[in-house]
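Quick notes on the structure that follows.
The values are calculated or read from the model by the stated rules, or taken from the named source; none is laboratory data. Model, not experiment: these values are computed from the prediction. Virtual Cβ from ideal backbone geometry, glycine too; neighbours counted across all protein chains shown. When the accessible area is computed, the model is the full protein with side chains, heavy atoms only, and any ligands, DNA or RNA have been set aside. Shrake-Rupley method; radii C 1.70, N 1.55, O 1.52, S 1.80 Å.
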Amino acid sequence: MRVLILGGDGYLGWPTAMYLSKQGFEVAVVDNMIKRYWEAQVGVEPLIPIRSLRRRIDFWNEITGLKIKSFIGDISENSRFVYNTISNFDPQAIIHYAEQPSAPYSMVTRNSCLETQRNNILGTLNLMFAIQRHNPDIHIIKLGTMGEYGTPNIDIEEGWLDVEHNGRKDRVLYPKRPPSFYHLSKVHDSANLEFACRIWNLRVTDLNQGIVYGIETDETILHDDLNTSFHYDEYFGTVLNRFVAQAVLGMPLTVYGKGGQTRGMLNIKDTLKCVELAINNEANAGEFRVFNQFTETFSVYQLAQKVVEAGKGLGLDVSIGEYGNPRAEAEEHYFNARHTGLHDLGLVPTYLDNKIIQRMIDVVTKYQHRIDRANIEPTVKWNSK
Ligand code: USQ
């Protein structure tokens, strides 16, 4: 089966490309390297050096004898490029990761908000139109986010909610109350995609993914030239990845506010498995299918405690800091999100344990000379004028 991966240079896109290629899929990736530009703009870089996309692909093809193809271009600006790429590669499934992924980046200025929503929403729209024209049967697997839901005081369902109102019943998209302009861009994407399913009979799986952690996959560890982009900075570093880097530096962990913010989490290796399950079990024509893609829930404080514990096992004296919360979010709240869809398809989760955190600490220790302390403490505030 031919699978096109949009955002193939990214933290998740590159490992997905290698993984699916190894599973026997015919893989092509698309990217315009804009994430590398955003990183330069805010002055951060991945902890572990990563090669150019071209170099990584050539190296992978060389050592495996497999063949990942690449198409370089901007899906948000260049609709012709999207049409041509899809008609040239003729994929059966498209995995869409090609989005600005950082909530803090989207909250820096009006421009960074516009850039996030422009890139994300227009890229998805161009994709929808290209698929409608070329072949509406192509399965779109779109990376959404658990943050689309926010933290409602009721159970979170998988994308849809059955409601009864004034004696009548209907099934509606689950109400969304996201916590940043980034998360909002994903809400807008979901609404656009669901509409496309209704009017054009497209088949879409929206993967509302939780917070991903991890540095390595079975493929990245084959060689340093296959590494993926691991961030610890306030913009692109997710919470556990950041805590691990802080533990290595001996800095108090940057728990924002009370740390009672509870989130769904998953290991980077499980992201690859989930995407594969979605490809192999496609949505029906006209179906907007939503999976909540996470395996466990933790509060931020619990994550910090896990890092303290794992650090202790390695002789590190890790402490938990007290930071004012730069974000506008509930620090203590109800959180009960259904996530049975992917498990029903056969997902076997990788659960977070001491060993996993200690392995992350070991890898980060190897590169600790590259950590820029200036990029760790939060500077972006949600309510700044
Ligand atoms: N947090 C801290 N200290 C830190 C960093 C974060 O306490 O040093 C807290 C935040 O306030 C928040 C939680 O940890 O309550 C998660 O923050 P995060 O930066 O790890 O995650 P988030 O901004 O939600 O975004 C990340 C990815 C995004 C993905 C999302 C999944 O950057 O691409 O969509 O996780 S989810 O959170 O489920 O929406």
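Where in segment 226-307 are there strands (runs of 3 or more DSSP E), lying wholly inside it, with at least 3 residues that are under 15 Å from the mean Cα position of the chain (by Cα)? Let's see the steps before the verdict.
Working: elements: 262-267, 288-293, 296-299.
So the answer is 262-267, 288-293.
Looking only at segment 153-184, count every residue that is part of a strand (DSSP E or B), within 16 Å of the ligand (Cβ to nearest atom) and over 30 Å from Ser384 (Cβ atoms) and tell me the total.
Count: 0.
Which residues, counting only those in segment 250-271, are more than 9 Å from the ligand (Cβ to nearest atom), of a type in the set (Val, Ile, Thr) and more than 25 Å from Asp372 (Cβ to Cβ)?
Across segment 250-271, the qualifying residue is only Thr271.
Could you run through segment 90-125 and say how many residues are over 16 Å from the mean Cα position of the chain (by Cα) and within 22 Å of Asn241 (Cα to Cα)?
Within segment 90-125, residues that are over 16 Å from the mean Cα position of the chain (by Cα) and within 22 Å of Asn241 (Cα to Cα) number 2.
Does Gly250 count as in contact (Cβ under 8 Å) with a residue 24 or more places away in the chain and closer than 27 Å to Gly43 by Cα? Before you say what the answer is, go through the steps one by one.
Values: in contact (Cβ under 8 Å) with a residue 24 or more places away in the chain: yes; closer than 27 Å to Gly43 by Cα: yes.
Criteria met by Gly250.
Which members of segment 41-59 meet the condition of being in contact with a helix residue (DSSP H, G or I) (Cβ under 6 Å, 6 or more places away or on another chain) and within 14 Å of Leu20 (Cβ to Cβ)?
Selection gives nothing.
Considering only segment 229-276, state which residues are open to solvent by 20 Å² or more (accessible area, probe 1.4 Å), farther than 19 Å from Ala304 by Cα and in contact with a helix residue (DSSP H, G or I) (Cβ under 6 Å, 6 or more places away or on another chain).
Within segment 229-276, none qualify.
Would you check if there is a residue in segment 47-63 being among the aliphatic types (A, V, I, L, M) and touching a Gly at 6+ places or on another chain (Cβ under 6 Å)? Before the answer, list the steps.
The initial filter retains those residues of segment 47-63 that are among the aliphatic types (A, V, I, L, M), namely 47-48, 50, 53, 57, 63.
Next, from what is left, pick out any that are touching a Gly at 6+ places or on another chain (Cβ under 6 Å): none.
Checked segment 47-63: no residue is among the aliphatic types (A, V, I, L, M) and touching a Gly at 6+ places or on another chain (Cβ under 6 Å).
When Leu303 is evaluated against the numbered criteria (1) near the ligand (Cβ under 9 Å from one of its atoms); (2) under 19 Å from Thr379 (Cα atoms); (3) open to solvent by less than 30 Å² (accessible area, probe 1.4 Å), which criterion, by number, is the only one it fails?
Tallying (1) near the ligand (Cβ under 9 Å from one of its atoms); (2) under 19 Å from Thr379 (Cα atoms); (3) open to solvent by less than 30 Å² (accessible area, probe 1.4 Å), Leu303 fails exactly one: (2).
Only strands (runs of 3 or more DSSP E) wholly contained in segment 33-147 count here; list those with 2 or more residues that are open to solvent by 20 Å² or more (accessible area, probe 1.4 Å). Steps first, answer last, please.
Values: elements: 69-72, 93-96, 139-145.
Result: 69-72.
Can you tell me which residues in segment 375-385 are touching a residue at least 24 places away in the same chain (Cβ under 8 Å) and open to solvent by 60 Å² or more (accessible area, probe 1.4 Å)?
The first filter runs over segment 375-385 and keeps only residues touching a residue at least 24 places away in the same chain (Cβ under 8 Å), leaving 375-383.
Within segment 375-385, Glu377, Thr379, Lys381, Asn383 qualify.
Name the residue that is nearest to Glu157 (Cα to Cα), counting only residues in segment 339-367 that are touching a Leu at 6+ places or on another chain (Cβ under 7 Å) and in a helix (DSSP H, G or I).
Going through segment 339-367, the residues touching a Leu at 6+ places or on another chain (Cβ under 7 Å) turn out to be 342, 345-347, 358, 361, 364, 367.
Of the ones still in play, those that are also in a helix (DSSP H, G or I) are 342, 358, 361, 364.
Details: Leu342: 13, Gln358: 34, Ile361: 35, Val364: 36 Å.
Going through the qualifying residues, I end up with Leu342.
Just name the residue that is farthest from the ligand (Cβ to nearest atom) out of those in segment 80-115 that are among the hydroxyl-bearing types (Ser, Thr, Tyr) and under 23 Å from Thr205 (Cβ atoms).
Of the residues in segment 80-115, the ones among the hydroxyl-bearing types (Ser, Thr, Tyr) are 83, 85, 87, 97, 102, 105-106, 109, 112.
Next, from what is left, pick out any that are under 23 Å from Thr205 (Cβ atoms): 83, 85, 87, 97.
Values: Tyr83: 27, Thr85: 24, Ser87: 30, Tyr97: 10 Å.
For segment 80-115, the residue satisfying everything is Ser87.
If I ask for residues that are closer than 26 Å to Thr116 by Cβ and of a type outside the set (Val, Ile, Thr), which ones from segment 201-226 would you list? Show your work before the answer.
Initial filter on segment 201-226 (closer than 26 Å to Thr116 by Cβ): 202, 204-215.
Hits for segment 201-226 are Leu202, Asp206, Leu207, Asn208, Gln209, Gly210, Tyr213, Gly214.
Tell me whether segment 329-347 contains one or more residues that are of a type in the set (Gly, Ala, Ser) and at positive phi. Write out each step before concluding.
Going residue by residue through segment 329-347, those that are of a type in the set (Gly, Ala, Ser) are 330, 337, 341, 346.
Among the residues that remain, those that are also at positive phi are: 346.
Yes: one or more hits.
Kindly evaluate Gly315 against the criterion of being at pLDDT 95 or above, within 16 Å of the ligand (Cβ to nearest atom) and not in a helix (DSSP H, G or I).
Numbers: at pLDDT 95 or above: yes; within 16 Å of the ligand (Cβ to nearest atom): no; not in a helix (DSSP H, G or I): yes.
Criteria not met by Gly315.
Tell me yes or no: at least one residue of segment 3-19 is of a type outside the set (Phe, Trp, Tyr), surrounded by fewer than 18 Cβ atoms within 10 Å (Cβ to Cβ) and modelled with pLDDT of 95 or more. First the steps, then the outcome.
Step one: list which residues in segment 3-19 are of a type outside the set (Phe, Trp, Tyr), which gives 3-10, 12-13, 15-18.
Still in the running and surrounded by fewer than 18 Cβ atoms within 10 Å (Cβ to Cβ): none.
No, segment 3-19 contains no residue that is of a type outside the set (Phe, Trp, Tyr), surrounded by fewer than 18 Cβ atoms within 10 Å (Cβ to Cβ) and modelled with pLDDT of 95 or more.
Given the conditions (1) open to solvent by less than 20 Å² (accessible area, probe 1.4 Å); (2) more than 14 Å from the chain's Cα centre (by Cα), report the number of the one that Val212 does not fulfil.
All conditions are met except number (2).
What are the residue pairs meeting all of these: first residue in segment 256-278, first residue modelled with pLDDT of 95 or more, second residue basic (Lys, Arg), Cβ atoms under 7 Å, and 6 or more apart or on different chains?
Listed by first residue and then by second, the contacts come to Tyr256/Arg327.
Any idea which residue in segment 318-338 is nearest to the ligand (Cβ to nearest atom), counting only those that are in contact with a Pro (Cβ under 9 Å, 6 or more places away or on another chain) and in a strand (DSSP E or B)?
Only one residue tops the list, namely Tyr323.
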